[in-house]
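Student: Take this structure first; my questions come after.
Read the figures in this text as sums done on the coordinates, not as results from a lab. These numbers come from a predicted model, not from an experiment. So basically every Cβ, Gly included, is an ideal-geometry build from the backbone, and we count neighbours across all protein chains shown.
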Amino acid sequence: MFDSIPDSKEGFRPDVIVLGAGAAGLMCAITAAQRGRSVLVLEKSNKLGKKILMSGGGRCNFTNLSIDADNYISSNPHFCRAALKRYQQWDFINLVEKYHIEYEERKHGQLFCLHSAKDILSMLIAECDLVNVKMESNVMVNSIQTGKSGFTLKLSRGNAKSEDAIVRSIICSSLVVATGALSIPTLGGSGQGYEIAKQFEHSLVPSRAGLVPFTFSDYLKPLCEKISGVAIDVEVECRGRLFRESLLFTHRGMSGPVMLQISNYWKEGDHLKLDLLPDIDAGEYLLEQKLLYGKQQLQTILGKQLPKALVQELQSLFWQESEGKPLSEFSDASLTNIGKILNQWRVKPSGTEGYRTAEVTLGGVDTTEISSKTMESNRQKHLYFIGEVLDVSGHLGGYNFQWAWSSAYSAGLVA
């Protein structure tokens, strides 16, 4: 591992150094090496591709059948178009099929490994081996300097970051930053890429956790705790964005795909509008049920459409005084109002679970200072930023992996 690569004094000088052995870093290394460039990948954690292995519940949602710039969030919304066009989802699917990796399509065009995310990581490592990419893990970059000879990196073992810990220097012509961002630090997430960007006078778009569950501190906290594990198909709206997917109540609040999606648009202080019955005008439905089944209780009628545990909690909140009453004793106005609550339940999160569980980091290196065609810095020649470190974040469903593949390929063609 660490000692397998001779230092620059002994003559080894890679053309390209890639910082980070995740999805973007490995793809960039492969692409650059296929052009005949000598490539060294440096990974600060003890294993390669940790986030790949954990993604999609261990099945890796590696891309989506429908990729479009509208699936991405950025302060510079057109930036991602060129890379996504240059290396498309079909290109990565072809690579997966070349290795005979079995995969399946799930809803919304999401593609997952049929067996294990290990298949994707093994494929990338095999591609690296074919073109002699060298890789090292458990390496810390202590400093980066530039000069006529290129970039000089001072390296140390493990997490040691002091002058005393430096064990060698290495020089390269091109440097690619594929360090990821702040999400899920246990899988290697860090702000290292941001520090490198600031060193070279790049601006940063303020970062925050994305694709992340919500927490609550008001009356909803005990409600969520009581029905933790209950899932329901809902429609959620915030800041003009609308998603329909599964909501999962947890001990900490609300999660599930629909909440992860809308978290990318939510900001502190915002309300979320939940439609618990997105296929039904709940008010009209209850009035119809009153005519047909007036002797039945409201709780019984709603239990046909919603989980009974949720109905019980909603009743305790919004019509507890009417518990046990048959529908016939509810006024039409009262049923219409209850229907409105079910179709437009406004909830106000106190926050999110933060980077600890966030699948992506919103914000990052300002893309107005990066070439959309090559991912090269406009501030420093031969310096590239790819993947999550940039201010480009995708929706849930394989979009962030596709951005990793596409941005890495664009950089690899020229680095």
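Student: For residue 217 paired with residue 97, estimate the spin-label separation in nm (one decimal), with each label point 7 Å from Cα along the Cα-to-Cβ line.
Tutor: 5.2 nm
Student: Further question: By DSSP, what percent of the beta bridges with both residues in the chain are antiparallel, rounded to the nearest 5?
Tutor: Of the beta bridges lying entirely in the chain, close to 75 percent run antiparallel.
Student: Set the Förster distance to 41 Å, then compute FRET efficiency between residue 379 and residue 304 from the Cβ-Cβ distance, nearest 0.05.
Tutor: Rounded to the nearest 0.05, the efficiency is 0.10.
Student: Report, ordered by chain and residue number, the aspartates and glutamates lying within cross-link reach of residue 290, taken as a straight Cα distance under 20 Å and ignoring same-chain residues fewer than 8 apart.
Tutor: Here the aspartates and glutamates satisfying the reach criterion relative to residue 290 are 279, 281, 321, 323, 329, 332.
Student: So what is the relative contact order of region 213-352, in percent, for Cα pairs below 8 Å that sit 6 or more residues apart?
Tutor: 31 percent
Student: Step through the residues of region 383-393 one at a time and calculate ³J(HN,Hα) from phi using the Karplus curve (6.51 cos²θ - 1.76 cosθ + 1.60, θ = phi - 60°), rounding each to whole Hz and writing x for Gly and Pro.
Tutor: 10, 10, 10, 9, x, 5, 5, 7, 7, 9, 9
Student: Report the FRET efficiency, 1/(1 + (r/R0)^6), for residue 169 and residue 320, where r is their Cβ-Cβ distance and R0 is 51 Å, rounded to 0.05.
Tutor: Calculated transfer efficiency: 0.15.
Student: I've got another one for you. Ordered by residue, what ³J(HN,Hα) values in Hz, to whole numbers, does region 37-50 give under the Karplus form 6.51 cos²θ - 1.76 cosθ + 1.60, where θ = phi - 60° and Gly and Pro are x?
Tutor: In residue order, the calculated couplings are 7, 7, 10, 10, 9, 10, 10, 7, 7, 8, 9, 8, x, 4 Hz.
Student: If each Cα of region 231-301 is one equal point scatterer, what is log10 of I(q)/I(0) from the Debye formula at q = 0.12, 0.19, 0.25 Å⁻¹?
Tutor: Ignoring solvent entirely, the Cα scatterers give -0.43, -0.80, -1.05.
Student: While we're on this one: Which label marks the calculated value of P(r) over Cα pairs in 20 Å bins from 0, in percent, given the options [x] 21, 41, 24, 12, 2, 0; [y] 24, 58, 17, 0; [z] 26, 46, 21, 7, 0?
Tutor: [z]
Student: OK, next. With all distinct Cα pairs included, what does the Kirkwood hydrodynamic radius of region 213-352 come out to in Å, to one decimal, could you say?
Tutor: 15.4 Å
Student: Then there's this: Go through 47/226; 47/221; 50/134; 50/308; 304/348 and tell me which ones have a Cα-Cα distance over 29 Å in this structure.
Tutor: Where the Cα-Cα span goes over 29 Å, the pairs concerned are 47/226; 47/221; 50/308.
Student: Under Stokes-Einstein, with the Kirkwood radius over Cα pairs standing in for Rh, what whole-number D in µm²/s applies to region 22-125 at 25 °C and 0.890 mPa s?
Tutor: Rounded to a whole number, D works out at 164 µm²/s.
Student: Suppose each label sits 7 Å from its Cα in the direction of the beta carbon; what would the residue 242-residue 90 distance come out to in nanometres?
Tutor: 3.1 nm
Student: Please sort 334-342, 255-263, 405-413, 285-293 by packing, taking for each peptide the average over its residues of neighbouring beta carbons within 10 angstrom, highest first.
Tutor: By packing density, highest mean first, the sequence is 405-413, 255-263, 334-342, 285-293.
Student: Students often forget the sequence filter, so: which aspartates and glutamates lie under 16 Å Cα-Cα from residue 51 once same-chain residues fewer than 8 apart are removed?
Tutor: Leaving aside aspartates and glutamates fewer than 8 places away in the same chain, those within reach of residue 51 are 43, 119, 359, 388.
Student: Pull up all non-local amide H partners of residue 180: gap of 5 or more, or a different chain, and H-to-H distance under 5 Å with H placed in the peptide plane.
Tutor: 388, 389
Student: Running a GNM on the chain with Cα contacts under 10 Å, which residue among 158, 147, 303 ends up with the highest mean-square fluctuation?
Tutor: Between 158, 147, 303, it is 147 that shows the largest mean-square fluctuation.
Student: Restricting to Cα atoms and excluding each atom paired with itself, what does the Kirkwood estimate give for region 327-415 in Å?
Tutor: In region 327-415 this quantity evaluates to 16.8 Å.
Student: Just 404, 181, 69 to compare: in a GNM of the chain, with alpha carbon springs under 10 Å, which one fluctuates most?
Tutor: Ranking 404, 181, 69 by mean-square fluctuation puts 69 first.
Student: Which ³J(HN,Hα) values, rounded to whole Hz and listed in residue order, are derived for region 282-292 from phi using the Karplus coefficients 6.51, -1.76 and 1.60 in 6.51 cos²θ - 1.76 cosθ + 1.60 with θ = phi - 60°, glycine and proline given as x?
Tutor: 4, x, 4, 4, 5, 5, 5, 5, 5, 5, 8
Student: Please compute the contact order of the chain in relative form: average sequence separation of alpha-carbon pairs under 8 Å and at least six residues apart, divided by the residue count, as a percent.
Tutor: After rounding, I find 24 percent.
Student: Kirkwood-based Rg over Rh for region 368-409 (C-alpha set), two decimals?
Tutor: 1.00
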